[in-house]
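A short worksheet on the structure shown next.
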Ligand code: TYM
């Protein structure tokens, strides 16, 4: 059966980009695949600006609660916290000896996040995609449901797997499976509502451009009504010429499971006001059941903790033998 792995960082509240770019696919893929989902807390400590030790544990639990609320089903899938398995960090070291300095330096996310920081940037931020490769490869994932922004990281994981297999295994008996990214048909890159040329991001300067998964309906409506569009008035999908309208069209398509072009044809000529209201309604309806379920689950954090403990045990059953296999392939002496 096809194996799936994906993760999300517990830094900031999950937003519409996380939901449409990744979570929607996480949930759908459970139908016919073996899925492993992870709160990647070790990734969330790589930059001091986003790491607050006082809130990290609570955020980790909240994000796991969010994952359950969107529909991750712990009966079918494995849900766990990355730092509960030291195998991820250990496998990262093995991959550090396979990954190249040059390829890591070129990663777009590293370039963005390290810009202007000079030598002050952490080694963890630089090494971040190698840890991500360990996450994915430890579970022999074939598919990785993520937003567009993660594409380079998944390609790197694939390159590391290929290089490792080439150096330490045979084509008949590879140690690692080569993964590929899976993106949704629309909204693989949800843009900031106030600046539709940059992606919606937890680290954005203003929250007016971000819709949190837990935002109240009134707030969602207000944010979408004040989304930046343009002065032309026509509704069509053209990311370069009409980034704001295109972004809203993609959000509407993803929220209603309809085609972008069909929606553009339907709303063109009716004005931005009517269109924005339709987008707001669709998003509110999409989020309503998630918010209801979140409220129920948040009432019983002990149950979420239990799910995560069970998930860690089940994750270990897959990760431990994979890591052992990799160490053996590299020639490390097994403990006698
Ligand atoms: P993170 O925590 O930044 O984001 C989690 C997921 O949400 C997607 N996403 C978006 N999709 C569409 N539009 C957006 N504006 C948007 N913003 C975020 C991301 O693509 C991602 O799928 N490095 C990863 C976490 C990670 C991971 C992994 C993912 C660690 N190990 C292994 C997959 C497999 C990250 O920082 O995602």
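Readers should treat all values here as calculations from the given coordinates under stated rules, not as data from a laboratory. Please read all numbers here as calculations on a predicted model, not as lab measurements. We place every Cβ from the backbone using ideal geometry, glycine too, and count neighbours over all the protein chains shown.
Let's test the formula: R0 of 41 Å, r as the Cβ-Cβ distance of residue 178 and residue 120. What FRET efficiency results, to the nearest 0.05?
0.70
I need the per residue convex hull volume for the chain, using only the alpha carbons, in cubic angstrom as a whole number.
152
For the chain, what relative contact order do you get, as a whole percent, if you take Cα pairs closer than 8 Å and at least 6 residues apart?
Answer for the chain is 22 percent.
Relative to the longest principal Cα axis of the chain, at what angle does helix 301-329 sit, 0 to 90 degrees, rounded to 10?
50
So what's the angle, to the nearest 10 degrees on a 0 to 90 scale, between helix 243-256 and the longest Cα principal axis of the chain?
Approximately 80 degrees, to the nearest 10.
Report the residue, chosen from 254, 186, 28, that carries the largest GNM mean-square fluctuation when the chain is represented by alpha-carbon nodes joined by springs under 10 Å.
28
Using DSSP, restrict attention to beta bridges with both residues in the chain and report what percent are antiparallel, rounded to the nearest 5.
Roughly 10 percent of the DSSP beta bridges within the chain come out antiparallel.
Could you please rank 46, 170, 256, placing first whichever residue has the fewest other Cβ atoms within 10 Å of its Cβ?
By the 10 Å Cβ count, ascending, the order reads 170, 256, 46.
To the nearest 10 degrees, how steep is helix 123-137 against the longest Cα principal axis of the chain, on a 0 to 90 scale?
So the helix axis and the longest Cα principal axis differ by about 80 degrees.
So for the range 1-96, what percent of the C-alpha to C-alpha distances run longer than 24 Å?
So the portion of pairs separated by more than 24 Å is 23 percent.
Quick one: compute a quarter of the convex hull surface over the Cα atoms of the range 207-296 and quote it in nm².
Over all viewing directions, the range 207-296 projects a mean Cα-hull area of 5.7 nm².
Roughly how many Å is it from the Cα centre of the range 283-336 to that of the range 129-169, as a whole number?
18
Using only helices, what value at 222 nm comes out for the chain when you add -39,500 (n - 2.57) per DSSP H run of length 4 or more and divide by the total residues, to the nearest 500 deg cm²/dmol?
Estimated from H runs of four or more residues: -16000 deg cm²/dmol.
Which distance in nm do the two modelled labels at residue 317 and residue 262 give, with both placed 7 Å along the Cα-to-Cβ direction?
Simple spin-label model gives 4.1 nm for this pair.
Can you tell me the relative contact order of the range 207-296? Whole percent, Cα pairs under 8 Å, sequence separation 6 or more.
34
In Å, what Kirkwood hydrodynamic radius results for the range 163-267 from the alpha-carbon pair distances?
Averaging 1/r across every pair of different Cα atoms and inverting gives 16.1 Å.
Assuming R0 = 56 Å, what is the FRET efficiency of residue 203 and residue 335, from their Cβ-Cβ distance, to the nearest 0.05?
That pair, residue 203 with residue 335, gives E of 0.85.
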